[in-house]
Each structure stands twice: as C-alpha cells, then as structure tokens.
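Report on the following structure.
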Amino acid sequence: MRITFVYPGIAIIGFNSLGGNCHDTISINLGMGYISSYIKKNSSHSVNLIDLRDLRGWDHYESKLKKRMPDIVGIYCNTVNYENSLKCAEIAKKQGKTVIMGGPHATLDPHLLINTGFVDSVIVGEGEVSFLKAVNDIEAGRVIDKVIQGEKIDNLDDIPFPDRDLYNMDRILNSAGIFPYPNRYIGIVASRGCYYNCSFCQPLERKIFGLKVRMRSVANIIEEVKDVIKKYDANFIMFECDTLTTKKVWALELSKEMGNIGIKWGAQSRADTIDDELAREMYKAGCMVLFIGFESGSQRMLDLLRKGITPEKSIRAGKICRDNKILIFANYMLGMPTETTSDLDMTYEMIKKIKPELHSPSYFAPIPGSDLFDYCKEKELIKVTSYEGFVRNPINEKIKGIDYKNLDVYRDKITRCRKLWWTESHFAKYVISRWIFLISRGYFKTFIIEFVENMPTIIRIPARNLRNAFRKDSRCDISSEKKS
Ligand code: B12
Ligand code: SF4
C-alpha cells in the first residue's frame, strides 16, 4: 500500500515557513517519523510525507497529494492545527483516499474528527503498531474500527530510529537556525511519558503515552545521536522528551556518554529535578541549555497549575544552572485564571533573581485535554474563538478576567530581566561562534537582527519591532514552544 503522512504545522507561521528562525519552523514531528520507520522495518508498504510548511498554499497541497497517489493518508492533528488537519482530510477525502488521523488532538477527541465525515479512523495514543495493523487490514479488505486504541511498545529500544528523511531536512539544516544555538539542530526523544500532573497539560499527556514512563537505554540513544551526526552533520542535539532529568542515574549516564561524543546539546528539565552534581556533569558533557518551566513566582498560581514546585526551588535551579554555566531557557506563564497584579509582581521578582539568558513568556492558554481547559470551560472563561487561538504566544487574549494591556506591560518588564550575552564568558563564546557562522555563510540580515536585539536590553522592545519589519511573517516572534 502507498501511505502519505501529512504534517499540518502551519498554525501561526503559515505556508512556506520551513527553516525559519523559531522552533516551529525547524522542528519536525518525530511521531510520524517513528510510525514510518516502524512500517518500513516491518512491511513492504511505501511511505512519504507532505509538510505544509514546505508548500506554497492549499492548491499546492491538493496537487502534491494527487501526484503522490496514496491509498491511505495519515494526518497529524494537534489542537492549534485542528482546522488545518481537517482541511487536509477534506481534500484527501475529495480525492477518494482513506484518511486516518492521530496525534494529541485526535487522541483527546476522536469522535469530533469522525463526525466531520472527512476522517475514516482515528488512532488514540501511540501509533506505530496500530497504524501498521490498520494498513494491513485495509489491504486485506477488512473493515477497521473508527476509533482504535493505539497499542504501546513497552521497550522503546525496539522501535527503529525515526525516519527524518520524510521531511525536507536540507531546508531545515541549511537555515540560519535560532539564536544562540548552532544551526544544524536535531531533536531526539529519549523517553515517553511523564511522572507529573500539571493541570495545564494533564491528563492529555497520559492519554497519549500512558501512566508508565519509558526510557530508552543510554546505548540506544547514543547510537541515534551518532547516526544523526553522521547523516545530517548535526551540531546541536535537543532532547525533546518531557523531562530529561527526572531519573538522575540515567541522566548522569547519558551525560557521560554525550561527553564522549563531544557535541553541544540541550534538554527540557524541571526546577525540582536539577542539582549541582547533575548540572556540573551535564555541562562537562556539552549541555548548553536547559528549558525549564518556572511558570510563576506566585505559590498560589503554582498550586493552581499543580506544578509541584516552589518559587524558591525555581530560584535555586536558576542558581545551579548559572553556577554550572548552563544557559537557562525560561518558560513562564502570565494571565492564569484569578491571577492578580500582586501574583505578577511575584513572577517579576522571581525572574529578576533567576535572570535567564533566554525567555519564553506565554499568555496562559487553556489547552484542550488539560484539566485547566475543563475548569475554564466550566467557568465560561474561554475567549479563544479558533483552534489556532490556543497557541501560547504572549500576544493574543485567551481568557476572560485578565487585563491584557497590563499583561503586555509585565511581559516587557519581565523579559528585560536577563543576563546580557557578553557578561558570561561561556554565553559570549556561543554567541560569537554563532555570529561568525552567520557572517561566514552570508546570513547578514539574521546577524544584524540578532545583534541589535541582543544589545542592552533597554532597546530590546524597539529591536523586536525592527526584527518584525525585516520578516515577511512576524507572527513567530516570541512564541512559547517548549513546555515542561
Ligand atoms: C517537540 C514538541 C514540539 C515541537 C515539535 C512539534 C511536533 N508536532 O512534534 C515544536 C517546537 C514545533 C512544538 C510546538 C508546539 N507545541 Co509542542 N510538543 C513537543 C513535545 C515536547 C514532544 C513531541 C514528540 O516528539 N513526542 C514524542 C512522539 C513519539 O509522540 P507524538 O508526536 O505525540 O506521536 C505519537 C502519537 O501522538 C501518534 N501520532 C502522532 N502523529 C500521528 C499521525 C497519525 C496518522 C497517527 C495514526 C498517529 C500519530 O503516534 C506517534 C508515535 O507513537 C510534546 C510533548 C510530548 N511529550 O509529546 C509537545 C506537545 C505536542 N506540544 C504542544 C503544544 C501546545 C505546542 C504549541 C501549541 C506550543 C505553543 N507555541 O503554543 C506549538 C504548536 C506548533 C504547531 N504549529 O503545531 C502540546 C499539544 C497539546 C494539544 N492539545 O495539541 C504537547 C502535547 C505538550 C503539552 N502537553 O502541552 N512542540
Ligand atoms: S507540563 Fe511537563 S512536567 Fe508537567 S505534566 Fe506536562 S510534561 Fe509533565
């Protein structure tokens, strides 16, 4: 059978955006990459993928799909791309294809998709085993269920490495990349599942990956790291799993092996799972940055988020990273239900103490599938009117009862609390080597934008405007892509 997967990730960034300079434009969905490699290993079906970010528009999608002549179209569906996923399905259905959907939003509401009439089946949760079974059934003329519970693979080492070649890796890897990382950025998933229960994320995460956290063996991860270095000349690895640092022994072992490879890398972490020893070993092993969800400086807000941390722990984690020369990519939220100016002041005070090098503020968006979505729905707080509106960027209004003009003031004030790149020698080294790379490769515009934007923070806001003026599409400015 011929299978075409579709990645519809154009929400906020639009068509023809692949290889731009924000996370959404250089990250690929590894989920479909895993399903593809599993199919290729275990059957003779052929697989390819259409990435909407690599196309000019809907007509282009329509003609591309026609040319590929698939028997089955598999579409990823997350909340912010719900409308795009559905449009992909509608066009595929018009061409007479069998449409199967999966991914976060498909998992949380499969019947919503089935009831549109454009989707034949939805796979809930993980897709590798069940998608292949569905394809085999279709080939054999058997009728498949409309909603299929995805079967999990217990030992993640049994799944072959994700098939990244489905995507236009040339366009991604030959882009300028994003400040302050090296340009050839590759994401790797080292584990599936999460031990925590944050109310802005759960229970969706558990619905996809189950209750048990599964980690790959260090040897298996290292093999993939070596593989992507060889194949793509990768110079930066981002561990995209929810939290790399929950199991300290495993994280230490992984760090030791990463150190033997000698590549720069980053990971998602949590303020309560990082200590001095781990940070020291990680830095020694090439860890350049940790993405940490500090979320709020108000304990009342942290409790509402069920984050399980305290502002003191966050400040301590910030100090640990700083002492060990690891850059801090700070995720935090403004505009949670019932948040007051005094809560915002506490976030400001906390971030002032952490002084992260990199900020990713977001305006709280009640993501469907989370307990806080249900809370906001029940209290009729939701202001978002389209699925794309659930994006966490700190620009649009998401819920009632929040003074967003005041939030804009706090956002700008808080993002000014940062370490300046030239004040830390390790940070300065990363930045200078990046800028040498940009200049040597002729990315002058990107260099000028990054340079101006990273001048004293005082001009950061006008600098952002300058950056937007340079860009064709300015909406991908300071979005909050990574959460942990
Ligand atoms: C890396 C990552 C990103 C990357 C890459 C995104 C991607 N699509 O993979 C980037 C930086 C682009 C990103 C951006 C955003 N992300 Co994100 N991201 C993640 C993260 C941390 C890991 C993704 C991953 O690789 N998982 C591992 C693989 C194996 O799992 P998977 O992709 O889900 O795939 C499996 C199944 O879902 C299923 N499946 C997937 N696709 C398909 C397709 C078919 C046909 C079938 C049958 C099955 C199937 O089978 C796969 C294999 O088992 C997840 C959290 C998580 N733990 O998954 C959040 C997560 C997916 N992101 C999330 C969010 C909210 C966002 C943003 C909206 C944030 C923002 N800026 O506001 C943006 C949206 C960008 C966009 N335009 O779509 C939410 C999604 C919630 C929702 N209801 O949609 C998650 C779940 C985090 C969370 N709990 O809040 N993200
Ligand atoms: S936000 Fe991060 S730490 Fe919290 S439950 Fe979700 S994945 Fe786990």
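The values are calculated or read from the model by the stated rules, or taken from the named source; none is laboratory data. Because the structure is predicted, anything quoted here is derived from the model rather than measured. Ideal geometry is used to build each Cβ from the backbone, glycine not excepted, and the neighbour counts take in all protein chains shown. Each accessible area value is taken on the protein alone, full model and side chains, heavy atoms only, with ligands, DNA and RNA left out. Shrake-Rupley method; radii C 1.70, N 1.55, O 1.52, S 1.80 Å.
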Selection count, segment 162-189, where residues are in contact (Cβ under 8 Å) with a residue 24 or more places away in the chain and open to solvent by 50 Å² or more (accessible area, probe 1.4 Å)
3
Mind telling me which of the residues D137, D163, D145 ends up being touching a Lys or Arg at 6+ places or on another chain (Cβ under 8 Å), outside the structural domain of S360 (by TED's automatic domain parsing) and within 16 Å of G74 (Cα to Cα)?
D163
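When segment 348-378 is examined, which residues are found to be in contact with a strand residue (DSSP E or B) (Cβ under 9 Å, 6 or more places away or on another chain), assigned to a loop (DSSP other than H, G, I, E, B) and not hydrophobic (A, V, I, L, M, F, W, C)? Reasoning before the result, please.
First, the residues of segment 348-378 that are in contact with a strand residue (DSSP E or B) (Cβ under 9 Å, 6 or more places away or on another chain): 350-351, 354-366, 369-371, 373, 376.
Next cut, assigned to a loop (DSSP other than H, G, I, E, B) only: 355-357, 364-366, 369.
Answer for segment 348-378, where residues must be in contact with a strand residue (DSSP E or B) (Cβ under 9 Å, 6 or more places away or on another chain), assigned to a loop (DSSP other than H, G, I, E, B) and not hydrophobic (A, V, I, L, M, F, W, C): K355, P356, E357, P366, G369.
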Could you tell me how many of the residues in segment 42-56 are under 23 Å from the mean Cα position of the chain (by Cα) and not basic (K, R)?
7
Considering residues that are among the small types (G, A, S) and in a helix (DSSP H, G or I), the number found within segment 82-112 is 4
Within segment 190-234, which residues are aliphatic (A, V, I, L, M) and loosely packed, with under 15 Cβ neighbours inside 10 Å?
L211, A219
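Does R316 fit the bill of being within 24 Å of the chain's Cα centre (by Cα), more than 27 Å from G187 (Cα to Cα) and either in contact (Cβ under 8 Å) with a residue 12 or more places away in the chain or within 16 Å of ligand 1 (Cβ to nearest atom) (or both)?
Numbers: within 24 Å of the chain's Cα centre (by Cα): no; more than 27 Å from G187 (Cα to Cα): yes; either in contact (Cβ under 8 Å) with a residue 12 or more places away in the chain or within 16 Å of ligand 1 (Cβ to nearest atom) (or both): yes.
No; evaluated as a whole, the condition is false for this residue.
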Go through segment 105-139 and give me each residue that's within 16 Å of ligand 2 (Cβ to nearest atom) and surrounded by fewer than 23 Cβ atoms within 10 Å (Cβ to Cβ).
L108, G125
Filter segment 253-309 down to residues that are assigned to a helix (DSSP H, G or I) and among the charged types (D, E, K, R), then give me how many there are.
10
Of the residues in segment 355-386, those that are farther than 30 Å from R316 by Cβ and either in contact with a Leu (Cβ under 8 Å, 6 or more places away or on another chain) or surrounded by 20 or more Cβ atoms within 10 Å (Cβ to Cβ) (or both) come to P368, G369, F373, C376
Among K325, K284, K307, the single one that is in the same structural domain as N235 (by TED's automatic domain parsing), open to solvent by less than 40 Å² (accessible area, probe 1.4 Å) and among the charged types (D, E, K, R) is K307
